[in-house]
Amino acid sequence: MNMILSFRTVLVGLFLAFAMAVSAPSASAGDPVIDAAKAAGTVGERADGYLGLVTGDAAPDVRRRVNEINAKRRALYEQLARETGTTVQEVGIITGEKQYAQTVSGHFYMGADGRWVAKP
């Protein structure tokens, strides 16, 4: 059973890596509002594959963009979950790991424990 889960995780990871490479520009990369908010420490990547507000004082346009991008990510995760026979949560967690790897030093990410941390 563990071997099946491991194979499935690898398969989902490979499929997700391909899908994210194809769709990443529309998911948030290069968004000037989000890029500025990440640089300011207002927005970060969460372990579940979504953006989050690091501080409660984010500007309305930042909040709106976070919600829009998270909706796009959710739609992509749903599609990938259907295509790979996994769950939206599994796809999100794998994406969260990939987003962490791409997080720039000094930008924030939320660990599995729910704490925001600046990446070294």
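Among the conditions (1) more than 10 Å from the chain's Cα centre (by Cα); (2) of a type in the set (Asp, Glu); (3) modelled with pLDDT under 95, the only one that GLU97 does not satisfy is (1). Only residues that are under 22 Å from PRO32 (Cβ atoms), of a type outside the set (A, V, I, L, M) and more than 10 Å from the chain's Cα centre (by Cα) were counted across region 104-115, and they come to 4. Annotation note: of ALA101, ALA75, ALA71, ALA81, the sole residue that is over 15 Å from VAL33 (Cα atoms), assigned to a helix (DSSP H, G or I) and touching a helix residue (DSSP H, G or I) at 6+ places or on another chain (Cβ under 6 Å) is ALA81. Taking the stated definitions as given, is GLY96 of a type outside the set (D, E, K, R) and free of Cβ contacts under 8 Å to residues at least 12 places away in the same chain? Spelling it out, it is not the case that GLY96 is of a type outside the set (D, E, K, R) and free of Cβ contacts under 8 Å to residues at least 12 places away in the same chain.
Scanning region 104-120 for residues that are touching a Lys or Arg at 6+ places or on another chain (Cβ under 6 Å) and part of a loop (DSSP other than H, G, I, E, B) returns SER105, HIS107.
For region 100-114, the candidate set comprises residues that are under 17 Å from GLY56 (Cα atoms) and modelled with pLDDT under 95; within that set, the residue that is surrounded by the fewest Cβ atoms within 10 Å (Cβ to Cβ) is GLY114. Candidates ASP61, ASP57, ASP35, ASP48: the one that is more than 20 Å from THR87 (Cβ to Cβ) and assigned to a loop (DSSP other than H, G, I, E, B) is ASP57. For beta carbons closer than 6 Å, sequence separation of 6+ or different chains, a first residue in region 45-57 that is without any contact (Cβ under 8 Å) to a residue 40 or more places away in the chain and more than 13 Å from ALA112 (Cβ to Cβ) and a second that is of a type outside the set (A, V, I, L, M) and not in a strand (DSSP E or B), the qualifying pairs are LEU51/ASN70; THR55/THR42. Kindly indicate the residue of region 74-99 that is within 14 Å of GLU45 (Cβ to Cβ) and of a type in the set (D, E, K, R) and also surrounded by the most Cβ atoms within 10 Å (Cβ to Cβ) among those meeting that condition. Selected residue: LYS98.
The values are calculated or read from the model by the stated rules, or taken from the named source; none is laboratory data. On a predicted model such as this, the values are computed, not experimentally measured, just so you know. A quick note on method: Cβ atoms are made from the backbone with ideal geometry, for glycine too, and the neighbour counts reach across all protein chains shown.
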